[in-house]
Protein chains: 4
Amino acid sequence: MTIAGDVRATIDGLRAQLVVLHAELPRNNLVVWTAGNVSARVPGRDLLVIKSSGVSYDELDAEAMVVTDLDGNLVEGSRSPSSDTAAHAYVYRNMPEVGGVVHTHSTYACAWSAIGLPVPCVLTMMADEFGGEIPVGPFALIGDDSIGRGIVETLQHSRSRAVIMKNHGPFTIGRNATEAVKAAVMCEEVCRAVFLARQLGDPLPIAQQHIDSLFHRYQNVYGQG
Amino acid sequence: MTIAGDVRATIDGLRAQLVVLHAELPRNNLVVWTAGNVSARVPGRDLLVIKSSGVSYDELDAEAMVVTDLDGNLVEGSRSPSSDTAAHAYVYRNMPEVGGVVHTHSTYACAWSAIGLPVPCVLTMMADEFGGEIPVGPFALIGDDSIGRGIVETLQHSRSRAVIMKNHGPFTIGRNATEAVKAAVMCEEVCRAVFLARQLGDPLPIAQQHIDSLFHRYQNVYGQG
Amino acid sequence: MTIAGDVRATIDGLRAQLVVLHAELPRNNLVVWTAGNVSARVPGRDLLVIKSSGVSYDELDAEAMVVTDLDGNLVEGSRSPSSDTAAHAYVYRNMPEVGGVVHTHSTYACAWSAIGLPVPCVLTMMADEFGGEIPVGPFALIGDDSIGRGIVETLQHSRSRAVIMKNHGPFTIGRNATEAVKAAVMCEEVCRAVFLARQLGDPLPIAQQHIDSLFHRYQNVYGQG
Amino acid sequence: MTIAGDVRATIDGLRAQLVVLHAELPRNNLVVWTAGNVSARVPGRDLLVIKSSGVSYDELDAEAMVVTDLDGNLVEGSRSPSSDTAAHAYVYRNMPEVGGVVHTHSTYACAWSAIGLPVPCVLTMMADEFGGEIPVGPFALIGDDSIGRGIVETLQHSRSRAVIMKNHGPFTIGRNATEAVKAAVMCEEVCRAVFLARQLGDPLPIAQQHIDSLFHRYQNVYGQG
C-alpha cells in the first residue's frame with residue numbers, strides 16, 4: 001500500500017502534531033521512561049498515526065511516528081509501531097466518532113486500576129470533563145483484540161472519555177488527539193484528587209441532575225466559541 | 001462603553017501583571033491544562049481584568065486578558081472572559097476591600113472540597129496567613145450568582161483569604177491580585193500539609209490566643225516595612 | 001558598629017554562598033513563596049549573615065543578605081532581617097560548634113510537626129545522617145527567645161542535626177551553612193519516606209548498635225577524605 | 001595494575017555513558033543530594049566503573065567516574081569510589097550475566113523497605129518489567145560483603161531485576177547499565193503505584209499464567225527488534 005498524494009500533507013501534519021502531544025505526557029507526569037502513546041486517525045482513511053515502540057521521549061521526532069492501517073499493520077515508517085497499536089486500531093474501527101486515542105500508565109489511575117473500582121464523580125471538574133464517574137474496563141491481555149474490545153464496550157455505556165483498564169491503566173479518547181490528551185491529563189488529575197479525598201473521609205456525591213447540568217454547560221459553553 | 005484615557009495605562013499595567021501572576025499557577029502546581037484564573041479590580045472603576053476562557057498557559061499574553069464590567073459583561077478584548085467571571089465579579093461588587101481574586105482546582109484543596117470539611121488551623125504558617133481554619137463554602141452551580149454569593153457569605157464570617165467551595169475547589173482574595181495569588185499558593189500548601197498530618201494521627205490544635213497573636217504579627221510585622 | 005576590613009572578604013563570601021544555598025530550598029521543594037531562610041555564622045565574630053524578610057526566591061542576590069549581631073540587631077544591609085533571625089541568633093549564642101542554621105516549612109516535616117511525634121529511625125540513610133530519630137521541639141511563639149531555646153534544648157540531647165518544632169516546622173544545623181542545608185534536604189526526605197512507611201504498615205526499627213555503627217561510619221568515612 | 005591499551009576506549013566510553021545515566025537519577029526523582037550510584041562492568045575484564053563518593057549531581061563528569069577491580073580496590077581515578085562499591089563488586093563477581101548495577105534511596109521503595117514486605121504484582125507494567133513481585137532482601141550493614149550477598153541471594157530466586165534491601169533501599173541490575181537504570185526508574189514507579197493502590201483498598205492479584213505471559217512477551221517483543 002502506498003500513501004496517495006492527497007493525504008501526504010495530512011499525515012505529515014498529524015506526525016508533527018503527535019510529536020508535540022507526546023511531549024505533553026512527560027510534562028504532565030503521566031509517563032516514565034518509554035511508556036505511553038498517542039495516536040490520531042487519518043480523517044477519511046482507514047489509517048492511523050502512532051508512536052513507534054520503545055522510543056525515548058528525548059528522541060521524539062516525526063520519524064518516530066509511524067502509519068498503520070486499522071488492523072495495526074505497518075503502512076509507512078521504518079520502525080515497529082507501539083505494542084499498543086492493536087488496542088488503538090480496535091477503537092478506531094468500532095467508534096467512528098473517535099479521532100484520537102491516548103494510553104498511559106499514569107500513577108494514580110494505575111492505583112485505581114489495581115483495585116478495580118470506578119472513580120466516583122465528586123468534583124465539578126470531573127462532571128465538566130467526564131460527565132460522571134470514570135468507569136473500569138475488564139482485565140485483558142495484550143496480543144489480540146481483548147484490550148480494544150474492553151475499552152469500546154466500557155466507553156459505549158458511558159459519557160466518559162476515559163476508561164481505566166483493570167490492573168493496567170487508563171485509555172482516553174477524543175474527537176481528535178488533542179482532546180484525548182486533555183482527557184488523559186484530566187483523568188490523572190481527578191484520580192489523584194479523589195484518591196486524596198478518600199483518604200480524608202467519605203467524599204460527598206454530586207446529584208445526578210447537577211452532573212448533567214455541569215457536563216452539558218462545559219461541553220457547549222466553555223472556551224472560545 | 002469605551003475605556004477613558006486616564007485608565008488606559010492602569011488597565012495595560014494590570015494586564016501585564018496578570019500575565020506574570022497567571023504563570024505562578026502552573027509554576028506552583030495549582031492548575032493543569034487551562035484551569036484556573038486570576039483577576040484584578042481596576043481601582044476606582046466598576047471594571048475588572050481577567051483571563052479569557054480556555055486559554056493555554058503556554059499562550060498567556062496581554063491579549064489573553066480581557067476587561068469586563070462588574071456584571072461580567074465584556075468591555076474590552078476580542079475573546080470570551082473566563083467562565084468563572086461571574087463569581088469574580090460578585091466578589092468585587094460585594095467586598096469593596098478586595099482588589100484581586102484567584103480560582104484554581106489545586107489538588108489538595110479539591111480533596112478537602114470533596115469531603116466538605118474546613119481545614120483546621122494546626123500550623124503556625126496557617127495562623128500567619130489565614131488567621132484560623134480555611135472555611136468551606138456551599139455547593140453551588142456555575143451560571144448565576146450562586147458561587148459568588150457562597151464565597152462572599154463564607155468569607156464575611158472569617159479572617160481567611162481562602163474559601164474552599166464544596167465539591168469544587170478554592171477561591172482566594174487579596175487587597176490586590178498578588179496577595180490573592182499568594183493566598184492560593186499558601187492555601188494549597190496548608191491543605192497538603194494538614195492532609196498529611198491527618199494521615200499520621202490527630203493533629204494538635206493551636207490555642208486561639210496563639211493563633212490571634214501569630215496572625216496579628218504576620219499581618220503587621222513580616223516583610224519589608 | 002562598622003565592619004572591620006579584615007572580615008569584609010569573609011562576609012562578602014558568605015553572602016555569595018548564601019545566595020547559592022537559598023536556591024537549594026525551592027530546588028529541593030522545601031519552600032513555597034518567600035518562606036524559609038539560611039544563615040551562616042561569621043567565624044570568630046559575634047555576627048551572622050541571613051536572608052532579609054519576605055524576599056522572593058526570584059530576587060535572591062547578595063544585597064538580599066544582611067548582617068546582624070548575635071542578638072539579631074541589624075549591622076549591615078538596608079533591609080529588615082528575616083523574622084526568624086532571633087531563633088538563628090539564639091542557636092549561635094548557645095551552640096558554639098554550629099556555623100550554619102536553616103529553617104523551612106517543608107511539607108512532610110510540617111505534617112510530623114502537627115502531630116508532635118518524633119520521626120523514628122527506620123532507614124539506614126536516617127541513621128547515617130541523623131544518628132537516630134529526628135526529635136520534636138516544644139510549641140513556641142515567634143517574638144522572643146522561645147523558639148531558639150526550644151531548638152537548643154532539644155538538639156543538646158540528640159545527635160540529630162534536625163529538630164521539628166511542634167505545629168511549626170523544621171530547623172537544622174551544621175558546622176557550616178552547606179551542612180545545615182543538606183540536613184534540611186535529608187530531613188524532609190526521611191520525613192516523607194517514614195510517613196509513607198507508616199501508611200503501609202508498622203516500620204521495622206533498626207537496632208541501636210546498628211544505628212551507632214552506621215552513624216559513626218558515615219560521619220567519618222563517606223565522601224572524599 | 002595499569003589499564004591495557006585495548007580497554008582504554010571501552011573504559012572511556014563507559015565513563016561517558018555513566019555521566020549520562022547518573023543524570024537520569026535526579027531527573028526521575030530517585031535521589032536527593034549526593035545519594036545513589038550507577039556502575040558498569042568492563043566487559044571481559046575483572047573491572048567496573050562507578051561514581052566516586054559524595055559527588056554532587058551538579059558536578060558529574062567523566063573525572064567523577066573511577067575504575068575499581070571486582071574487590072572494590074581503586075584501579076584508576078584520583079577520588080575514592082562510592083561507599084557502595086563493595087556491594088556492586090559482589091554482584092559482578094557472582095552474577096556473570098549482570099553488566100550494570102544501580103543503587104538509590106528512592107522514596108517509595110524506601111517506604112516498602114522500612115516495612116520489609118515485597119511489592120505484590122498487581123499491575124501489568126510490573127509483570128512486564130519484573131516478571132512478578134519485587135522481593136525484599138535482608139537487613140545488612142555496609143562495610144563488608146553482607147549487602148552484596150543479600151542482593152545476590154535474593155535475586156537468584158527471582159525474575160526481578162530489583163531487590164529492596166530491608167530498612168535501606170533498592171538495588172537493580174541489568175545486562176548493561178542502561179537496563180539497570182530503567183529497572184530503578186520502574187521500581188520506584190511501581191512501588192509508588194502499588195503503595196497508592198493499597199491505600200485505596202485491596203489490590204487485585206494478577207494470575208500467575210498471565211504474569212508469565214506478559215513477562216515473556218515484554219522481554220521478547222517490546223521495542224525495536
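The values are calculated or read from the model by the stated rules, or taken from the named source; none is laboratory data. Only a predicted model underlies this, so the values are computations on that prediction, with no experimental measurement involved. Cβ atoms come from the backbone with ideal geometry, glycine included; neighbour counts cover every protein chain shown. Just the protein is used for accessible areas: all its heavy atoms, side chains included, with ligands, DNA and RNA removed. Shrake-Rupley method; radii C 1.70, N 1.55, O 1.52, S 1.80 Å.
The table that follows gives values for the structure above.
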read-out: Filtered residue count, the range C:148-167, keeping only those that are open to solvent by less than 20 Å² (accessible area, probe 1.4 Å), in contact with a Pro (Cβ under 9 Å, 6 or more places away or on another chain), more than 10 Å from every other protein chain (Cβ to nearest Cβ) and not hydroxyl-bearing (Ser, Thr, Tyr); value: 5
read-out: Inter-residue pairs, beta-carbon under 9 Å, first more than 8 Å from chain B (Cβ to nearest Cβ) and in the range A:183-212, second of a type in the set (Asp, Glu), 6+ apart; value: A:183/A:129; A:184/A:24; A:187/A:129; A:190/A:129
read-out: Residue list for the range A:33-68, restricted to those being of a type in the set (Val, Ile, Thr), free of Cβ contacts under 8 Å to residues at least 40 places away in the same chain and touching a Lys or Arg at 6+ places or on another chain (Cβ under 9 Å); value: A:34, A:49, A:55, A:66
read-out: One residue from A:20, A:119 being open to solvent by less than 10 Å² (accessible area, probe 1.4 Å) and out of contact with any Leu (no Cβ under 8 Å at 6 or more places or on another chain); value: A:119
read-out: Boolean, residue A:171 is away from chain B (no Cβ under 13 Å) and either assigned to a strand (DSSP E or B) or farther than 30 Å from residue B:66 by Cα (or both); value: yes
read-out: Residues (part of a strand (DSSP E or B) and touching a residue at least 24 places away in the same chain (Cβ under 8 Å)) located in the range C:69-125; value: C:69, C:75, C:76, C:81, C:100, C:101, C:102, C:103, C:119
read-out: Residues located in the range A:138-171, provided they are under 17 Å from residue A:89 (Cα atoms) and in contact with a Ser or Thr (Cβ under 9 Å, 6 or more places away or on another chain); value: A:140, A:141, A:142, A:143, A:154, A:161, A:162, A:163, A:165, A:170, A:171
read-out: Residues being farther than 20 Å from residue B:189 by Cα and more than 14 Å from chain B (Cβ to nearest Cβ) - total across the range C:82-105; value: 14
read-out: Count of the range D:126-139 residues which are part of a loop (DSSP other than H, G, I, E, B) and more than 14 Å from chain C (Cβ to nearest Cβ); value: 4
read-out: Which numbered condition residue A:216 fails, given (1) at the interface with another protein chain (Cβ under 7 Å from one of its Cβ atoms); (2) open to solvent by 40 Å² or more (accessible area, probe 1.4 Å); (3) not polar (S, T, N, Q); value: (1)
read-out: In the range B:174-213, the residues that are within 23 Å of residue B:41 (Cβ to Cβ), open to solvent by less than 20 Å² (accessible area, probe 1.4 Å) and not in a helix (DSSP H, G or I); value: B:174
read-out: Yes/no for residue C:108 being under 18 Å from residue C:30 (Cα atoms) and either touching an Asp or Glu at 6+ places or on another chain (Cβ under 8 Å) or within 12 Å of chain B (Cβ to nearest Cβ) (or both); value: yes
read-out: Residue match in the range C:25-33 (condition: within 14 Å of chain B (Cβ to nearest Cβ), at pLDDT below 95 and open to solvent by 60 Å² or more (accessible area, probe 1.4 Å)); value: yes
read-out: Any hit, the range A:112-119, residues being within 14 Å of chain D (Cβ to nearest Cβ) and polar (S, T, N, Q); value: yes
read-out: Verdict on residue D:81 being of a type outside the set (S, T, N, Q) and surrounded by fewer than 16 Cβ atoms within 10 Å (Cβ to Cβ); value: no
read-out: Answer residue from the range C:122-143, given it is in contact with a Pro (Cβ under 8 Å, 6 or more places away or on another chain) and open to solvent by less than 10 Å² (accessible area, probe 1.4 Å) and is farthest from residue C:81 (Cα to Cα) among those; value: C:122
read-out: Residue match in the range D:36-59 (condition: in a strand (DSSP E or B), among the charged types (D, E, K, R) and under 27 Å from residue D:138 (Cβ atoms)); value: yes
read-out: Restricting the range C:58-71 to residues that are of a type outside the set (Asp, Glu) and touching a strand residue (DSSP E or B) at 6+ places or on another chain (Cβ under 7 Å), the residue that is surrounded by the most Cβ atoms within 10 Å (Cβ to Cβ); value: C:65
read-out: Only listed residue being more than 30 Å from residue A:195 (Cα to Cα), over 15 Å from the mean Cα position of the chain (by Cα) and open to solvent by less than 40 Å² (accessible area, probe 1.4 Å), chosen from A:49, A:55; value: A:55
read-out: Residue in the range C:93-107 that is open to solvent by 30 Å² or more (accessible area, probe 1.4 Å), at pLDDT 95 or above and under 30 Å from residue D:112 (Cα atoms) present; value: yes
